[in-house]
Amino acid sequence: MPALTNRKRVLVTGGAGFLGSHLCDRLLAAGNDVLCVDNFFTGSRDNVLHLLDNPHFELMRHDVTFPLYVEVDEIYNLACPASPIHYQHDPVQTTKTSVHGAINMLGLAKRVRARIMQASTSEVYGDPAVHPQPEEYWGNVNTIGPRACYDEGKRCAETLFFDYHRQHRLDIKVIRIFNTYGPRMHPSDGRVVSNFIIQALKGEPITIYGDGQQTRSFCYVDDLIEGFLRFMDTPAGVTGPINLGNPGEFTMLELAEKVVRLTGSDSKIVHKPLPQDDPKQRRPDITKARALMEWEPAVPLDEGLARTIAYFRGRFFA
Ligand SMILES: NC(=O)c1ccc[n+]([C@@H]2O[C@H](COP(=O)([O-])OP(=O)(O)OC[C@H]3O[C@@H](n4cnc5c(N)ncnc54)[C@H](O)[C@@H]3O)[C@@H](O)[C@H]2O)c1
C-alpha cells in the first residue's frame, strides 16, 4: 500500500546502545518514525527512556540473529557489541550477530526494498601497515586471535552487503566507524575514554596499557551521527565503504592527561602490559567523506570530553 505521508519508517538495530540511541534521537528530530530493535546485551532501556512516550518511537526486544518481519523504508544495522570486553565475552555469538544479523537484515531489506546501512568498523583494517587508513587498504587482521570474532565478523558482514548489492541490486551503504565517544557510552566496557573518565572521577589510578605512546583518534558522537545521516542521503549507487572518524591523533598518555585536567582529579597514571593484537596506531583518512558530503568533525576533543565527563558525573556520581 502506498505511504500516506512523507514520514519515513526507519529501523535502527542496536538502537538502545550508545550510538544507536543518539541516532534514534536525530532520526526522530528529523520527523521520522523510528523502530528501535535491541536484545539489550550491551544496550539498555535507560538510553532510550526519554523516547518511550514519543508516539513516533517504538522499542522492540529482538535478537538480530533471528529473522525480523517488519515494514520499513530504511535500515541502520548497528546491532553488535562494540567493546573488546563485551564482544569477547561470547565470541561465537559476536560472529553470529555480525554474520547472521547481516543476512537477516539484508533479507529484510530485500523483501521490503529498503535502503540499508551497515555500521562497520576501523577494526576491519586490523593492526594496519598503512597509516592513516584509506578505504582501499585491505587490512592486516589476525584470523585466529581473540579479536577475530569481531574483526572477521564485521569483514564478512561487509562482504555480504556487497554481494547483496551485486546479486540483488540492493541499495547499500557501508560506513567504517573509528573510535567514537560521548554520553551513554557503557560505563564498564573497558573502552579507553570511559575507562579513563570513570577512573578519574573515582580518584583511582588511570591505567595505560604499554608505554602510552600508541595513538588513537576520537570522534565525538554528534559528529559521527551527522556523518551517518549525510551518507544515508547520498544517491543510490554510492555504497562506500566510507571512513567516518576524527583524524586528530592523540597518544593514550595525552588522553589520560586531558581527562585528569578536565575532571580536576588527582589520579595518578599507571602502566600495565599491552593486550594481544592491540593496534599501535589508528587514524582515519576521511578524504572521501569530506569530498562526497562535505562532512568534517566539528567538536574538539577537549569539548567532547567535557560533555562526556558531565554525563558520567551526573549519571553515576551525582
Ligand atoms: N563506538 C564506537 O567507537 C564504534 C566503532 C566502530 C564501530 N562501531 C559499531 O557501531 C555499532 C554500535 O556500537 P556502540 O558503540 O553503540 O556499541 P553498543 O554496545 O553500545 O551498542 C550495540 C547495541 O547492539 C545491541 N546488540 C548486540 N547484539 C545484538 C543482537 N544479537 N541483536 C540485537 N541487538 C544486539 C546491544 O544490546 C547494544 O544496544 C556496532 O555495530 C559497533 O560495531 C562502534
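The values are calculated or read from the model by the stated rules, or taken from the named source; none is laboratory data. From a predicted model like this one, the values you see are computed outputs, not experimental measurements. Ideal geometry is used to build each Cβ from the backbone, glycine not excepted, and the neighbour counts take in all protein chains shown. The protein model used for the area step is the full one, side chains on, heavy atoms only, and it has no ligands, DNA or RNA in it. Shrake-Rupley method; radii C 1.70, N 1.55, O 1.52, S 1.80 Å.
Value of Rg to Rh for the range 76-188, rounded to two decimals, is 0.97; Kirkwood radius and Rg both from alpha-carbon coordinates. In the assembled protein chains, Ser21 presents an accessible area of approximately 0 Å² (probe radius 1.4 Å).
Applied to the range 128-145, the Karplus parametrisation 6.51 cos²θ - 1.76 cosθ + 1.60 on θ = phi - 60° returns per-residue 3J(HN,Hα) values of x, 8, 10, 8, x, 8, x, 4, 6, 5, 7, x, 9, 10, 7, 6, 10, x Hz, with x for Gly and Pro.
Using the Kyte-Doolittle scale, which helices in the chain average at least -0.5 and also have C-alpha atoms spread 20 Å or more along the helix axis, with helices defined as whole DSSP H runs?
91-112, 301-316
Return the FRET efficiency for the residue pair Lys272, Ile144: r is the Cβ-Cβ distance, R0 is 22 Å, and the value is rounded to the nearest 0.05. The computed FRET efficiency comes out at 0.35. Farthest toward the positive end of the dipole of the range 253-318, out of Gly304, Ala256, Thr287, is the Cα of Ala256, where the dipole comes from beta carbon charges about the Cα centre.
For the chain, a crude dipole built from +1 on the beta carbon of Lys and Arg and -1 on the beta carbon of Asp and Glu, taken about the Cα centre, is about 360 debye to the nearest 20.
Computed over Cα pairs, the Kirkwood radius of the chain leads via Stokes-Einstein (0.692 mPa s, 37 °C) to a diffusion coefficient of 165 µm² per second. Consider all pairwise Cα distances in the range 188-253 and report the whole-number % of them above 17 Å. It works out to 58 percent of all Cα pairs. Taking amide hydrogens as placed 1.01 Å from N in the peptide plane, the amide H of Asn32 sits under 5 Å from that of no residue at least 5 positions away in sequence or on another chain. Taking 12 Å as the cut-off, the amide N atoms of the range 275-316 that come nearer than this to a point 7 Å along the Cα-to-beta-carbon line of Val130 belong to 285. Look at where the Cα atoms of the range 51-121 and of the range 218-247 average out, and the two centres are 18 Å apart.
Calculate the FRET efficiency for Arg261 and Arg26 from the Cβ-Cβ distance with a Förster distance of 30 Å, rounded to the nearest 0.05. For Arg261 and Arg26, the calculated efficiency is 0.50.
With the cut-off at 1.5 for a/c, could you classify the range 1-110 from its C-alpha gyration tensor as rounded, prolate or oblate? Oblate is the answer for the range 1-110, as a/c is 1.5 or above yet b/c matches or exceeds a/b. Taking each residue as 0.36 nm, the span from Thr287 to Ser44 lengthens on full extension beyond its C-alpha to C-alpha distance by 84.0 nm. Taking 15 Å as the cut-off, the amide N atoms of the range 12-41 that come nearer than this to a point 7 Å along the Cα-to-beta-carbon line of Asp73 belong to 12, 27-35. Along its first, second and third principal axes, ordered by size, the range 147-274 spans 57, 29, 23 Å in Cα coordinates. With the gyration tensor restricted to C-alpha atoms of the range 223-318, the semi-axes of the equivalent ellipsoid amount to 32, 19, 12 Å, longest first. For Leu274, nonlocal amide neighbours, meaning residues 5 or more places apart or on other chains whose placed amide H falls under 5 Å from its own, are Gly210. Note on the range 56-123: Kirkwood radius taken over Cα pairs, Stokes-Einstein applied at 20 °C and 1.002 mPa s, translational D equal to 167 µm² s⁻¹.
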